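Everything on this sheet refers to the single structure shown next.
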Amino acid sequence: KAGVTQTPRYLIKTRGQQVTLSCSPISGHRSVSWYQQTPGQGLQFLFEYFSETQRNKGNFPGRFSGRQFSNSRSEMNVSTLELGDSALYLCASFPGSTQETQYFGPGTRLLVL
Amino acid sequence: QKEVEQNSGPLSVPEGAIASLNCTYSDRGSQSFFWYRQYSGKSPELIMFIYSNGDKEDGRFTAQLNKASQYVSLLIRDSQPSDSATYLCAATGTASKLTFGTGTRLQVTL
């Protein structure tokens, strides 16, 4: 099976812009989770989608949003970018039950100037 | 207090030795535990998962869970230079959110 794919792999944006990141899960997986990784805060949970519905949400401001499509592909959007949003954004897919192993994609590295 | 805690290291072990990585968690509702390996500039890669008390072995890796002590560990036998990476401990509870520790950097020296 193909793994989790994320596009784009690298992005450079300026403050105030918005960005959309895409994640395609492993075939057959219905859940996608998004995480932000920074040197200072480590890996932090953003949100999780299952069958097109947000099932869980982390403690991030409303500038961070996401959605999931009927084919399980997911996108996350960050509006009004801040310098502190520079990070590695990771998505993970899993079949759907809450205790299942999550498999990570390669990540999108976002740099905000 | 962080929910999942790990010693940041670096933990340095000679090639061929056993590396022991430790993790404690504060949420007694945590049910499943995962060890991920992350090489610099790469994404986390699953090494093992465990949800029952005791030991679970997979090749050179053994995960240990003690729910009474809220302690998870990962042993790597016959450590190789290619094992040099950051090892992330993560836990889930009733929700599917993974809560990560800050990771332990392992260095395997020749």
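With point charges of +1 on the Cβ of Lys and Arg and -1 on the Cβ of Asp and Glu, referenced to the Cα centre of the protein assembly as shown, which listed residue (B:46, A:110, B:92) lies farthest in the positive direction of the dipole?
A:110
What do you get for trypsin sites (Lys or Arg not before Pro) in the range B:23-75 restricted to DSSP loop and a cutoff of at most 10 other Cβ within 10 Å of the site's Cβ? Mind showing how you got there, number by number?
Numbers: sites: B:28, B:37, B:42, B:56, B:60, B:67; in loops: B:28, B:42, B:60, B:67.
Counting only loop positions with at most 10 other Cβ atoms within 10 Å, the trypsin sites (Lys or Arg not before Pro) in the range B:23-75 are B:28.
Using the Cβ atoms and a cut-off under 12 Å, what net charge is assigned to the surroundings of residue B:42, where Lys and Arg are +1 and Asp and Glu are -1? Walk me through the intermediate numbers first.
Numbers: positive: A:9, A:109, B:37; negative: B:45.
Neighbourhood net charge equals +2.
Got a number for the accessible area of residue B:5? Probe 1.4 Å, square angstrom, nearest 10.
80 Å²
Hey, any idea what the orientation-averaged projected area of the convex hull of the protein assembly as shown's Cα atoms comes to, in nm²? Before the final figure, lay out the partial values.
Working: hull surface 49.1 nm².
Averaged projected area of the protein assembly as shown's Cα convex hull equals 12.3 nm².
Report the paramagnetic label zone for residue A:41: residues of the range A:94-113 whose backbone N is under 16 Å from a point 7 Å from Cα along the Cα-to-Cβ axis.
A:108-112
Taking the dipole about the Cα centre of chain A, with the C-beta of Lys and Arg at +1 and of Asp and Glu at -1, give me whichever of A:10, A:35, A:77 is farthest to the positive side.
Going by the charge dipole, the pick is A:10.
Where nothing but the Cβ of Lys and Arg (+1) and of Asp and Glu (-1) is charged, how large is the charge dipole of the range B:54-110 around its Cα centre, in debye to the nearest 20?
On the way: 6 positive and 5 negative charges, 43 e Å.
It comes to approximately 200 debye.
With +1 on the Cβ of every Lys and Arg and -1 on the Cβ of every Asp and Glu, and nothing else charged, how large is the dipole of the range B:10-110 about its Cα centre, in debye rounded to the nearest 20?
On the way: 9 positive and 8 negative charges, 57 e Å.
With only Lys, Arg, Asp and Glu charged at Cβ, the dipole is about 280 debye.
Hey, with R₀ at 25 Å, roughly what FRET efficiency would residue B:5 and residue B:82 work out to, going by the Cβ-Cβ distance, to 0.05? Let's see the in-between values first.
Numbers: r = 27 Å, r/R0 = 1.06.
According to the calculation, E is roughly 0.40.
Hey, what's the per residue convex hull volume over the C-alpha atoms of the range A:1-107, in cubic angstrom?
On the way: hull volume 10.3 nm³, N = 107.
Dividing the Cα hull volume of the range A:1-107 by its residues yields 96 Å³.
Using the per-residue mean of other Cβ atoms lying within 10 Å as a proxy for protection, in what order, highest first, do the peptides A:37-46, A:81-90, A:24-33 fall? Each step should come with its number before you reach the end.
Numbers: A:37-46: 16.0, A:81-90: 17.6, A:24-33: 20.1.
Per-residue mean Cβ counts within 10 Å order the peptides as A:24-33, A:81-90, A:37-46.
At a 1.4 Å probe radius, carbon and sulfur cover how many percent of the accessible area of chain A?
Details: 2600 of 5270 Å².
Carbon-and-sulfur percentage of accessible area, whole number: 49.
For the pair residue B:69 and residue B:109, how long in nm is the line joining their label points, each one 7 Å along Cα→Cβ?
Placing both labels 7 Å along Cα→Cβ, they lie 2.7 nm apart.
Before we go on, tell me the buried accessible area for the A/B pair, both chains summed, 1.4 Å probe, in Å² to the nearest 100.
Numbers: alone 6030 and 5970 Å², together 10480 Å².
In total, this chain pair buries about 1500 Å².
The values are calculated or read from the model by the stated rules, or taken from the named source; none is laboratory data. Fair warning: this is a prediction, and the values are worked out from it, not measured in the lab. Every residue, glycine among them, receives a Cβ derived from its backbone with ideal geometry; neighbour counts consider all protein chains shown. Only protein heavy atoms, including side chains, enter the accessible area calculation; ligands, DNA and RNA are left aside. Shrake-Rupley method; radii C 1.70, N 1.55, O 1.52, S 1.80 Å.
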